Amino acid sequence: ASIGFYNMKRRWRTPLVTINNIPMMNADIVTGVSLCLLFVAAFAAWNGFVDWMETTYRLTAPRLYQGFGTLLIAHITFNIPYVILSVMPKLRQLDPNIFEAAQDLGATGWYAFRKVILPEILPGVLNGALIAFTMSIDDFVISYFTAGSGANTLSMVVYSMVRRRISPEINALSTLMFVVVIALMILINVRQSRQDQRTQAAIR
């Protein structure tokens with residue numbers, strides 16, 4: 001998506017980027033309720049169509065309900081803007097002719113992307129992944145409205161545990177989450193620092 005936005009003309013890119021940023025600007029409750037209503041309406045229409053097919057033509061099809069799939073779609077929806085905003089600056093730092101140069105040297109489009117473009121934007125991809133992971137594991141409101149009864153996230157489990165009583169398991173979960181996030185941040189920062197050092201050494 002970032003590469004697509006980057007290569008668009010300005011008159012198309014500006015409104016699409018604005019639409020892309022809507023989930024980031026919306027309150028969680030607005031996004032959660034909107035997605036919940038969307039899933040309920042879409043699944044009701046589909047299940048009604050399945051009932052009609054069964055009664056009219058005796059054909060069957062799976063019915064759809066809220067669960068892990070809707071939860072995954074919701075998390076992708078509100079995390080996409082953060083990832084795109086992390087990758088776009090790395091694309092702006094690239095030489096605009098580097099992709100065509102790789103193709104002139106005989107690389108196919110996919111090979112040039114994998115060996116030339118992706119390594120250059122990888123720090124942005126990793127930063128976006130870390131932000132998405134943090135936002136996803138932290139989210140409760142959107143997950144609560146879109147998970148249905150068949151899926152739970154860590155924040156929902158912690159919330160249900162806190163409602164009953166404070167248990168040592170919550171302290172253990174909090175410690176693990178803190179350690180994992182700190183370890184990921186250190187890993188990404190060390191990798192970025194080493195890459196900057198290699199770049200400076202190559203320039204010298």
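Calculate the tail of P(r) for the chain: the fraction of all Cα-Cα distances greater than 32 Å, expressed in %.
Value for the chain (Cα pairs over 32 Å): 39 percent.
At 0.890 mPa s and 25 °C, plugging the Kirkwood radius over alpha-carbon pairs of the stretch 41-114 into Stokes-Einstein gives what diffusion coefficient in µm²/s?
145 µm²/s
Nothing charged except the Cβ atoms of Lys and Arg (+1) and of Asp and Glu (-1): what's the magnitude of the dipole of the stretch 1-151 about its Cα centre? Round to the nearest 20 debye.
The calculated dipole for the stretch 1-151 is roughly 380 debye.
Determine, from the Cβ-Cβ distance of Ala129 and Thr199 and an R0 of 22 Å, the FRET efficiency 1/(1 + (r/R0)^6), rounded to the nearest 0.05.
Efficiency, rounded to the nearest 0.05: 0.55.
When ligands, DNA and RNA are left out and all protein chains stay put, how many square angstrom of accessible area per residue does the chain have with a 1.4 Å probe?
That works out to 67 Å² for each residue.
Dimensions of the stretch 83-204 along principal axes (Cα, Å, largest first)?
Answer, in whole Å and largest first: 64, 33, 19 Å.
Would you mind classifying the stretch 106-166 by shape? Square roots of the alpha carbon gyration tensor eigenvalues, ordered a ≥ b ≥ c; an a/c under 1.5 is rounded, otherwise it is prolate if a/b is larger than b/c and oblate if not.
prolate
Determine, for each peptide in 96-106, 36-46, the mean count of other beta carbons within 10 angstrom over its residues, then list the peptides with the highest first.
Result, highest mean Cβ count within 10 Å first: 36-46, 96-106.
Distance between the C-alpha centers of the stretch 166-204 and the stretch 40-96? Whole Å please.
Cα centres, the stretch 166-204 to the stretch 40-96: 31 Å.
Taking all protein chains in place and a 1.4 Å probe, what share, in percent, of the accessible surface of the chain do carbon and sulfur account for?
65 percent
Normalised by the number of residues in the chain, what is the relative contact order in percent for Cα pairs under 8 Å and 6+ residues apart?
26 percent
Using helices alone, what [θ] at 222 nm do you get for the chain, with -39,500 (n - 2.57) per DSSP H run of 4 or more residues, divided over all residues and rounded to the nearest 500?
-26000 deg cm²/dmol
Can you find, among Asn127, Gln93, Ile142, the residue farthest towards the positive end of the dipole of the stretch 90-175? Put +1 on the C-beta of Lys and Arg, -1 on that of Asp and Glu.
Ile142
The values are calculated or read from the model by the stated rules, or taken from the named source; none is laboratory data. This structure is a prediction, so every number in the text was calculated from the model and none was measured. Counting neighbours? That spans all protein chains shown, and the Cβs are built from the backbone with ideal geometry, glycine included. What goes into the accessible areas is simple: the full protein's heavy atoms, side chains included, and nothing from ligands, DNA or RNA. Shrake-Rupley method; radii C 1.70, N 1.55, O 1.52, S 1.80 Å.
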